[in-house]
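Student: Sharing a structure below in structure tokens format, with a few things to ask.
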Amino acid sequence: MPKATVAAVVFPETGNLETVLLTRRNVVPFMGRWCLPGGHIDDYEPAADAVQREVFEETGLRFEPSGFLGWFDEIFPEHRFHAVVLAFFGAGHGELRHQPEEVAEIGWFPLDRALSMPLAFNHNLVLQRYADSLVS
């Protein structure tokens with residue numbers, strides 16, 4: 001049975017839409033790979049609440065979703081992982097601090113550089129949809 005998850009394309013509170021926040025995973029699967037902040041939706045938790053909670057837990061930022069990018073299948077039998085991720089975008093507010101149990105490193109990246117990186121899960125597809133939304 002697939003899990004329900006969330007992911008966030010976070011841009012700085014300054015409003016620079018072409019800069020995004022990535023975290024380097026400190027857990028399996030995809031340990032050591034960069035990804036978007038996010039995680040599992042808890043039982044009976046609305047998705048919008050889950051994405052705000054996950055961003056705060058992993059980055060220390062308050063996340064204000066300003067839009068929904070869509071849903072993405074994440075099926076990786078080699079990792080015994082199957083999820084449907086709901087992807088949001090919006091500004092992050094506050095001071096960065098990572099949760100070392102889950103996040104090894106955190107940083108802001110130019111969107112074009114982030115798109116060229118081999119991200120965990122299907123986060124390259126999420127970022128591409130975000131980039132496409134900026135030009136349409």
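Student: Step through the residues of the range 103-120 one at a time and calculate ³J(HN,Hα) from phi using the Karplus curve (6.51 cos²θ - 1.76 cosθ + 1.60, θ = phi - 60°), rounding each to whole Hz and writing x for Gly and Pro.
Tutor: With coefficients 6.51, -1.76 and 1.60, one gets 10, 7, 7, 9, x, 8, 9, x, 4, 5, 5, 4, 5, 8, 8, x, 7, 5 Hz.
Student: While we're here: Along the charge dipole of the range 26-136, which of Phe63, Met117, Ala87 sits closest to the positive end, that is, farthest toward it, with unit charges on the beta carbon of Lys, Arg, Asp and Glu (+1, +1, -1, -1)?
Tutor: Looking along the dipole axis, the top candidate is Met117.
Student: What percent do you get for the relative contact order of the range 3-131 when only Cα pairs under 8 Å and 6+ apart count?
Tutor: Details: 285 pairs, mean separation 43.6, N = 129.
Reported relative contact order: 34 percent.
Student: Within the chain, what percent of beta bridges assigned by DSSP are antiparallel, to the nearest 5? Spell out each step's value before the answer.
Tutor: On the way: 25 of 35 bridges.
Within the chain, antiparallel bridges account for around 70 percent of the total.
Student: Another question about this same structure. Normalised radius of gyration for the chain, please: alpha carbon Rg relative to 2.2 N^0.38 Å, two decimal places. If you can, show how the numbers build up before the last one.
Tutor: Details: Rg = 13.5 Å, N = 136, 2.2 N^0.38 = 14.2 Å.
Here the answer is 0.95, to two decimals.
Student: Right, another one. Would you please classify the overall shape of the range 46-86 from the alpha carbon gyration tensor, given that a ≥ b ≥ c denote the square roots of the eigenvalues, rounded means a/c under 1.5, and beyond that prolate means a/b larger than b/c while oblate covers the rest? Show your work: numbers first, answer last.
Tutor: Details: a/c = 3.10, a/b = 1.70, b/c = 1.82.
Since a/c reaches 1.5 but b/c is at least a/b, the shape of the range 46-86 is classed as oblate.
Student: Can I ask one more? Let me spell out the model: positive unit charges on the Cβ of Lys and Arg, negative unit charges on the Cβ of Asp and Glu, origin at the Cα centre of the range 3-131. What dipole size does that give, in debye rounded to 20?
Tutor: Values: 10 positive and 18 negative charges, 71 e Å.
About 340 debye.
No lab work stands behind these numbers, since they all come straight from the coordinates. Remember, predicted model here, so these are calculated numbers, not experimental data. Every residue, glycine among them, receives a Cβ derived from its backbone with ideal geometry; neighbour counts consider all protein chains shown.
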